[in-house]
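The structure appears right after this line, and notes come after that.
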Amino acid sequence: VINSTVEAGGNIVIPSFALERSQHLMYYLNKLLLSRRIPRLKVFIDSPMAVRITEVFEKHPDLYDEDLTALMRQGKSPFDFLGLTMVKSVEDSKEINYIRGSVIIIAGSGMCTGGRIKHHLANNISRAESTILFVGYQATATLGRHIVDGAKEVRVLGKHYPVRARIVQINGFSAHADRDELLSWISGLKKPPRQIFVVHGEADTTEAFAHFMREKTGWDVSVANYREEVTLN
């Protein structure tokens, strides 16, 4: 995805969650750069929260796995590789749009519901040479889901933009526990809870999971009812 976008002369815009997802992306981009599978590019982490969280990651090397520990000892940190820029101020964020040539922009929010990603979408979603790369689940009624589902036009920051950029989704970055992992976790409770509420997920998924839990545990499991009110702007 990166190489083909660079060949086309566009930007790679990645909506990303600030906690862990952005750091995972930095890790894999660093690996691709070290193996020379992608060209040297400017990579912008345009999220004050992601920047602060990355600083926390750097302060706790005792929690790294063997692979990351080895990289750090070799001076090949994924949090400080050549071309990486941590963007804090709004002014610096705006300056990214004036850079010529291809860049990688990682910005929040992960589902395009707010944050600085909206400004980068406004500047790139109508460019056929650019790519919007989704690396996380897009919930129903979010702007991100609207784009992934093939919208021809989207409303961003109060204006309508035709979708001409290439839209790509990589599902392998999901960090959520699956059905069996959740069952394993809750089965560790020493006594049954009075009530289990399933509150996260789309309707068909939550109903199926609640049914699964009732069958496996015999416990009282309910799906919490809520009304979605999301504005695609």
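According to a simple spin-label model (label point 7 Å from Cα along Cα-to-Cβ), what is the distance in nm between K94 and E215?
The answer from the label model is 5.7 nm.
Between L189 and A139, what length in nm is gained on full extension when 0.36 nm per residue of separation is reduced by their alpha carbon distance?
15.0 nm
Using the Cβ atoms and a cut-off under 11 Å, what net charge is assigned to the surroundings of P78, where Lys and Arg are +1 and Asp and Glu are -1?
Result for the neighbourhood of P78: -1.
So if R0 is 25 Å, what FRET efficiency would S35 and S126 give, r being the distance between their Cβ atoms, rounded to the nearest 0.05? Mind showing how you got there, number by number?
On the way: r = 33 Å, r/R0 = 1.32.
Using R0 = 25 Å, I get an efficiency of 0.15.
Can you tell me the relative contact order of segment 14-102? Whole percent, Cα pairs under 8 Å, sequence separation 6 or more.
It comes to 40 percent, rounded to a whole number.
Along the Cα→Cβ direction, 7 angstrom out, place labels at F197 and E181. What is the inter-label distance in nm?
Result: 2.4 nm between the two label points.
Only bridges with both residues in the chain count here: give the DSSP antiparallel percent, nearest 5.
Numbers: 4 of 26 bridges.
Given both bridge residues lie in the chain, the antiparallel proportion sits at roughly 15 percent.
If I model segment 73-141 as equal point scatterers sitting on the Cα atoms and use the Debye formula, what is log10 I(q)/I(0) at q = 0.29 Å⁻¹?
-1.48
Which distance in Å, rounded to a whole number, links the C-alpha centroids of segment 1-29 and segment 95-168?
12 Å
Between V168, H200, A224, whose Cα lies farthest towards the positive end of the dipole of the chain when Lys and Arg beta carbons carry +1 and Asp and Glu beta carbons carry -1, centred on the Cα centre?
V168
Under a Cβ-Cβ cut-off of 15 Å, what is the net charge of the residues other than I186 that fall near it, where Lys and Arg count +1 and Asp and Glu count -1?
Numbers: positive: R179, K190, K191, R194, R214, K216; negative: D178, D180, E181, E215, D220.
That sum, taken over residues with Cβ under 15 Å, equals +1.
Given the -39500 (n - 2.57) contribution per DSSP H run of 4+ residues, what per-residue ellipticity at 222 nm results for the chain, rounded to the nearest 500 deg cm²/dmol? Could you put the intermediate results ahead of the total?
Values: 9 runs with 83 residues, N = 233.
Mean residue ellipticity, 222 nm, calculated: -10000 deg cm²/dmol.
Could you state the accessible area per residue of the chain in Å², with a 1.4 Å probe and every protein chain left in place?
Working: 13940 Å² over 233 residues.
Solvent-accessible surface per residue comes out at 60 Å².
Work out from phi, with θ = phi - 60° and the Karplus expression 6.51 cos²θ - 1.76 cosθ + 1.60, the ³J(HN,Hα) of each residue of segment 93-110, listed in order in whole Hz, and give x for Gly and Pro.
Here the 3J(HN,Hα) series is 5, 5, 5, 4, 5, 9, 6, 8, x, 7, 9, 10, 10, 10, 9, x, 9, x Hz.
Provide the FRET efficiency to the nearest 0.05 for the R52-I170 pair, computing r from the beta carbons and using R0 = 22 Å. Spell out each step's value before the answer.
Working: r = 25 Å, r/R0 = 1.14.
According to the calculation, E is roughly 0.30.
Given (i) 1.02; (ii) 0.96; (iii) 1.08, which label gives Rg/Rh (Cα atoms, Kirkwood Rh) as computed from the coordinates?
(i)
Once the Cα atoms of segment 1-96 are picked out, what are the Rg and Dmax in Å?
Calculated on Cα positions, Rg and Dmax stand at 13.7, 42 Å.
So, with a 1.4 angstrom probe, what is the percent of accessible area on segment 1-128 that is carbon and sulfur?
Working: 3560 of 6830 Å².
Of the solvent-accessible surface of segment 1-128, carbon and sulfur hold 52 percent.
The values are calculated or read from the model by the stated rules, or taken from the named source; none is laboratory data. Note that the structure is a prediction, hence the values are computed from the model and not measured. As a convention, Cβ positions derive from the backbone with ideal geometry for all residues, glycine included, and neighbour counts pool all protein chains shown. Keep in mind that these areas ignore ligands, DNA and RNA; they rest on the heavy atoms of the full protein, side chains included. Shrake-Rupley method; radii C 1.70, N 1.55, O 1.52, S 1.80 Å.
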